[in-house]
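Engineer: I am attaching a structure below and will ask some questions about it afterwards.
The values are calculated or read from the model by the stated rules, or taken from the named source; none is laboratory data. As the structure is a computational prediction, the values presented were derived from the model and not from experiment. We place every Cβ from the backbone using ideal geometry, glycine too, and count neighbours over all the protein chains shown. Calculation scope for accessible area: heavy atoms of the full protein, side chains included, ligands and nucleic acids excluded. Shrake-Rupley method; radii C 1.70, N 1.55, O 1.52, S 1.80 Å.
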Amino acid sequence: MVKQGQRAASRRQKQIKQRLKQRVKLSQRTINVEQLPEFILVRYGLTLKQRLTKLSAETIQRLLQALMKNVPSGFQWSMKTWITETLQRVNNQVPWQFYYVIAENWDDFQAFLIRELPAVPLTQLLIIEDKIDNLELEEIISHQLAVNFFLTATQNNSILMRQLPAAKITELQTSFNDSQELKWQKVASLLGQVKPAGDPGTRAWLTDLNQLSVEGDH
């Protein structure tokens, strides 16, 4: 007959094996941070991208790719800091219509990020600390558009940009963002097209963006 102590030891061994199997399964389901860009782009392709027009879908995907190249450290992210710093990196490499498309689709895109990022099966939960409302987004975009104007005017000369009084940027930003509403017609009158560059797909996308017009101010 099997003694009681042997039964207990056998149960413990089975429990240990079950826990080890669970850990293995869990580790197989998780991804590392380096895999995050590919994972979130696939999720975008399966969800939000399906509901957007072709040009908006491509533009928001390009923004998402830029964000994935500028992933914050740690697992607690500020949406405002992340978006602001990413747009600073993008700056005047894209036409003003890029920012217009972002503004038009912001609510859906931010909802996608807030829903999908914490659901990514990383070893630690991603936490989005804040949200950007429409007025905050307009402030971020209008400031970047003002900076872009001067970047283009100085031909991206870093020395001239450092010498530029901050008040000049603020003044232009205010003129873009009059009455807490972005004046896209004025933006269009001051910021021209961007010469398409890059691979064929990027050139085609930039060409389409350059041709996008805005009826009235939003």
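Engineer: Based on this model, can you work out whether Gln88 counts as in a helix (DSSP H, G or I) and surrounded by fewer than 17 Cβ atoms within 10 Å (Cβ to Cβ)?
Structural biologist: Against the criterion (in a helix (DSSP H, G or I) and surrounded by fewer than 17 Cβ atoms within 10 Å (Cβ to Cβ)), Gln88 qualifies.
Engineer: Could you say whether any residue in the range 89-96 is within 12 Å of the chain's Cα centre (by Cα), farther than 20 Å from Val194 by Cβ and of a type outside the set (Phe, Trp, Tyr)?
Structural biologist: no
Engineer: Sticking with this structure for a sec: Out of Thr152, Thr170, Thr202, I need the residue that is modelled with pLDDT of 95 or more, among the polar types (S, T, N, Q) and open to solvent by less than 40 Å² (accessible area, probe 1.4 Å). Which one?
Structural biologist: Step by step, each of Thr152, Thr170, Thr202 is checked, and only Thr202 is modelled with pLDDT of 95 or more, among the polar types (S, T, N, Q) and open to solvent by less than 40 Å² (accessible area, probe 1.4 Å).
Engineer: Report, ordered by the first and then the second residue, all pairs with beta carbons closer than 8 Å, sequence separation of six or more or different chains, a first member in the range 120-140 that is free of Cβ contacts under 8 Å to residues at least 40 places away in the same chain, and a second member that is assigned to a loop (DSSP other than H, G, I, E, B) and not hydrophobic (A, V, I, L, M, F, W, C).
Structural biologist: Matching pairs, first to second residue: Glu139/Asn177.
Engineer: Regarding Lys183, is this residue of a type in the set (D, E, K, R) and within 18 Å of Gln144 (Cα to Cα)?
Structural biologist: yes
Engineer: Another question, if that's okay. What about Glu129, is it charged (D, E, K, R), out of contact with any Phe, Trp or Tyr (no Cβ under 9 Å at 6 or more places or on another chain) and closer than 20 Å to Thr86 by Cα?
Structural biologist: Spelling it out, it is not the case that Glu129 is charged (D, E, K, R), out of contact with any Phe, Trp or Tyr (no Cβ under 9 Å at 6 or more places or on another chain) and closer than 20 Å to Thr86 by Cα.
Engineer: Is there a residue being surrounded by 14 or more Cβ atoms within 10 Å (Cβ to Cβ), among the hydrophobic types (A, V, I, L, M, F, W, C) and either in contact with a strand residue (DSSP E or B) (Cβ under 9 Å, 6 or more places away or on another chain) or farther than 23 Å from Met79 by Cβ (or both) anywhere in the range 135-148?
Structural biologist: no
Engineer: Still on this model: Quick one: which of Ala188, Ala197 is surrounded by 12 or more Cβ atoms within 10 Å (Cβ to Cβ) and over 18 Å from the mean Cα position of the chain (by Cα)?
Structural biologist: Checking each option against the conditions leaves just Ala188.
Engineer: Let me ask you something else. Exactly one of (1) in a helix (DSSP H, G or I); (2) open to solvent by less than 30 Å² (accessible area, probe 1.4 Å) is unmet by Gln50. Its number?
Structural biologist: (2)
Engineer: I need the full set of residues from the range 95-151 which are among the polar types (S, T, N, Q) and closer than 19 Å to Ser56 by Cα, in order please.
Structural biologist: If the condition is that a residue be among the polar types (S, T, N, Q) and closer than 19 Å to Ser56 by Cα, then Gln97, Asn105, Gln110, Asn134 are the ones that fit.
Engineer: Sticking with this structure for a sec: Has the range 82-94 got at least one residue that is of a type in the set (A, V, I, L, M) and more than 22 Å from Gln173 (Cβ to Cβ)?
Structural biologist: No, the range 82-94 contains no residue that is of a type in the set (A, V, I, L, M) and more than 22 Å from Gln173 (Cβ to Cβ).
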